[in-house]
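Every number here is computed from the coordinates shown, using simple stated rules; none is lab data. Keep in mind that this is a model prediction, so the values were computed, not measured. Glycine also receives a Cβ, built like all others from the backbone with ideal geometry; neighbour counts cover every protein chain displayed.
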Number of protein chains: 2
Amino acid sequence: MRNLKVYMSYRGTRYHGFQRQDNAVGIQNVLERMMGKLLNEQVTVNGCSRTDTGVHANEFCFSFLTNSTIPCKNFVRGLNSMLPEDIAIISCEEAPEDFHARFSCVAKEYVYKICISESKNPFMSDLALHYPYGLDTELIARSALDFVGTHDFTSFCGTAGLKEDNVRTIEYFKVEKDENLVKLLVKGNGFLYNMIRIMVGTLIYINEGKIPPDGIPQIIAALDRTQAGKTAPPHGLYLNKVFYE
Amino acid sequence: MRNLKVYMSYRGTRYHGFQRQDNAVGIQNVLERMMGKLLNEQVTVNGCSRTDTGVHANEFCFSFLTNSTIPCKNFVRGLNSMLPEDIAIISCEEAPEDFHARFSCVAKEYVYKICISESKNPFMSDLALHYPYGLDTELIARSALDFVGTHDFTSFCGTAGLKEDNVRTIEYFKVEKDENLVKLLVKGNGFLYNMIRIMVGTLIYINEGKIPPDGIPQIIAALDRTQAGKTAPPHGLYLNKVFYE
């Protein structure tokens with residue numbers, strides 16, 4: 001059987017996350033239905049990550065096994081023409097037998113977008129958090145450096161998602177500003193449930209004086225979700241890049 | 001009575017154009033309902049323009065008469081909080097008694113956005129025409145100069161919209177390219193029904209060799225809609241600026 005590695009991007013607004021579900025539409029439901037039609041066989045897609053309802057992906061990778069002989073180019077073109085406008089296949093390539101989009105992934109980069117314009121932007125309403133209350137980007141950029149490194153991130157994990165091992169390594173947490181759009185870029189070897197959204201919510205609390213600017217190390221040490229800020233809304237979050245060896 | 005002049009922007013995706021309708025939701029329906037609640041009186045909004053289903057506005061002006069004493073600032077804040085995310089009030093100011101958003105308007109600028117990336121962009125699907133077939137922007141920019149000036153634009157008017165006087169003046173028709181986004185900027189003293197979308201469709205025909213690059217003057221002279229190109233889709237079109245004396 002062939003093992004194919006596929007890159008895509010999607011706008012998560014209309015979907016209940018990536019994961020296939022029985023009583024809601026995940027991206028995976030749509031993919032597997034359309035790929036089944038295109039390839040004339042039942043297909044199971046392995047996604048690089050689960051994403052939450054409303055979360056987007058600039059780059060998402062999935063892999064799947066197939067008996068089909070379809071050329072990669074035709075797969076991309078054919079699937080794109082069948083998929084709705086908010087899911088786009090970028091590329092498809094042959095992968096080694098043991099490649100798995102989730103288990104082979106060594107790091108991911110996410111971006112969280114915040115629109116800081118005073119008036120709301122009707123074209124960004126589902127694509128960025130609107131935060132018109134004044135954001136001190138230098139302040140939160142300095143605080144965010146405390147996330148970098150290897151830590152037990154239990155305090156930054158949605159309680160439903162706690163596992164035995166909650167240690168993750170953050171490589172960088174950068175804050176970029178381009179006019180009215182602030183981008184928080186985070187790269188790490190893995191992320192806990194809601195981890196980035198809680199990190200962002202904590203930086204917003206720091207911006208609002210509800211947590212001191214140097215408060216993050218203590219929150220990490222507490223291993224207690226209630227010490228961190230609110231979970232930021234999903235629609236500002238994008239899976240931005242996935243890394244393989 | 002006070003006469004108020006209001007600027008707003010909206011994403012047209014979910015609406016059947018600006019105009020109030022009985023059996024569909026236009027932007028005007030939503031505005032008048034919410035303004036009625038906010039001002040506690042029945043309000044009739046005069047828009048600067050009709051826009052088609054799916055067409056957007058970066059800047060749209062409307063005026064209305066009111067007995068309310070609400071300060072302009074409170075009107076903006078209050079209405080914004082009641083309106084859905086895809087309609088944003090930008091500003092409100094007192095206007096002279098005889099100001100009327102449509103009749104006082106001396107010119108308008110529209111922008112038509114074309115996304116030329118090879119793969120579809122899920123974040124732009126309702127915000128730009130996707131045209132991955134190769135667009136010769138220098139070619140169409142040269143041809144578009146033939147639109148500039150005062151002409152009878154009967155050939156560029158949707159047949160349902162013909163009036164007695166179809167002479168309009170186009171001040172400029174510019175083509176700008178920024179990576180994968182091409183913007184066609186048109187300013188004129190007025191536009192016929194579907195006029196810009198037919199102009200854009202004609203430039204696309206020129207790009208595809210279906211109309212010669214110097215063909216526009218003859219199409220104008222023909223006074224015949226069938227000589228021009230197809231009407232380009234609405235979702236690339238934005239009312240961009242409205243001009244008053």
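When the alpha-carbon atoms of the protein assembly as shown are used, the pair Rg, Dmax equals 25.9, 78 angstrom. Taking 0.36 nm per residue of separation and subtracting the current Cα-Cα distance, fully stretching the chain between residue B:148 and residue B:177 would add 8.5 nm.
Shown for B:131, B:172, A:205: other C-beta atoms within 10 Å of each C-beta, ranked fewest to most, produce the order B:172, B:131, A:205. Structure remark: mean-square fluctuation, Gaussian network model of chain B, C-alpha springs under 10 Å; the largest value among B:72, B:61, B:115 belongs to B:72. Running a GNM on chain A with Cα contacts under 10 Å, which residue among A:62, A:156, A:18 ends up with the highest mean-square fluctuation? Looking only at A:62, A:156, A:18, the largest GNM fluctuation is found for A:62.
Looking at segment B:115-184, the trypsin sites (Lys or Arg not before Pro) that sit in a DSSP loop and have at most 10 other Cβ atoms within 10 Å of their own Cβ are B:163. Using only side-chain charges placed at the Cβ, +1 for Lys and Arg and -1 for Asp and Glu, the dipole size of segment B:151-243 relative to its Cα centre rounds to 200 debye. Classified by the C-alpha gyration tensor, segment B:162-226 has an oblate form. Its axis ratio a/c, with a ≥ b ≥ c, is 1.5 or above, and a/b does not exceed b/c. For chain A, set up a Gaussian network in which alpha carbons nearer than 10 Å are linked by springs, and say which option among A:47, A:161, A:229 fluctuates the most. Its mean-square fluctuation being the largest, the pick is A:161.
What FRET efficiency, computed as 1/(1 + (r/R0)^6) with R0 = 56 Å and r the Cβ-Cβ distance, is obtained for residue B:69 and residue A:67, rounded to the nearest 0.05? Numbers along the way, then the final one.
Values: r = 74 Å, r/R0 = 1.32.
Working from the Cβ atoms, E equals 0.15.
Can you show me the helix-derived [θ] at 222 nm for chain B, built from DSSP H runs with n ≥ 4 at -39,500 (n - 2.57) apiece and divided by the number of residues, rounded to the nearest 500.
Working: 5 runs with 52 residues, N = 245.
Taken over chain B, the calculation gives -6500 deg cm²/dmol.
If you average the alpha carbon positions of segment B:15-59 and of segment A:31-93, how far apart do those two centres end up, in angstrom? With segment B:15-59 and segment A:31-93 each reduced to a Cα centre, they are spaced 40 Å. Normalised by the number of residues in chain B, the average gap of Cα pairs under 8 Å and 6 or more apart makes the relative contact order 24 percent. Under the simplified labelling scheme, the residue B:106-residue A:100 pair shows an inter-label distance of 7.0 nm, with each label point 7 Å from Cα along Cα→Cβ.
Could you tell me whether segment A:1-82 comes out rounded, prolate or oblate from its Cα gyration tensor? Rule is a ≥ b ≥ c as square roots of the eigenvalues, rounded for a/c under 1.5, then prolate if a/b exceeds b/c, otherwise oblate. Here segment A:1-82 falls in the prolate category.
Could you sort out which of B:177/B:210; A:113/B:37; A:183/B:120 sit more than 29 Å apart by Cα distance in this structure? Violating the 29 Å Cα-Cα cut-off are A:113/B:37. The largest-to-smallest principal axis extents of the Cα set in chain B are 58, 42, 33 Å.
At a Förster distance of 35 Å, what's the computed FRET efficiency of residue A:245 paired with residue B:85, Cβ-Cβ distance as r, to 0.05?
Numbers: r = 41 Å, r/R0 = 1.18.
According to the calculation, E is roughly 0.25.
Here the protein assembly as shown is assigned +1 on the Cβ of each Lys and Arg and -1 on the Cβ of each Asp and Glu. Its dipole about the Cα centre then comes out at about 680 debye.
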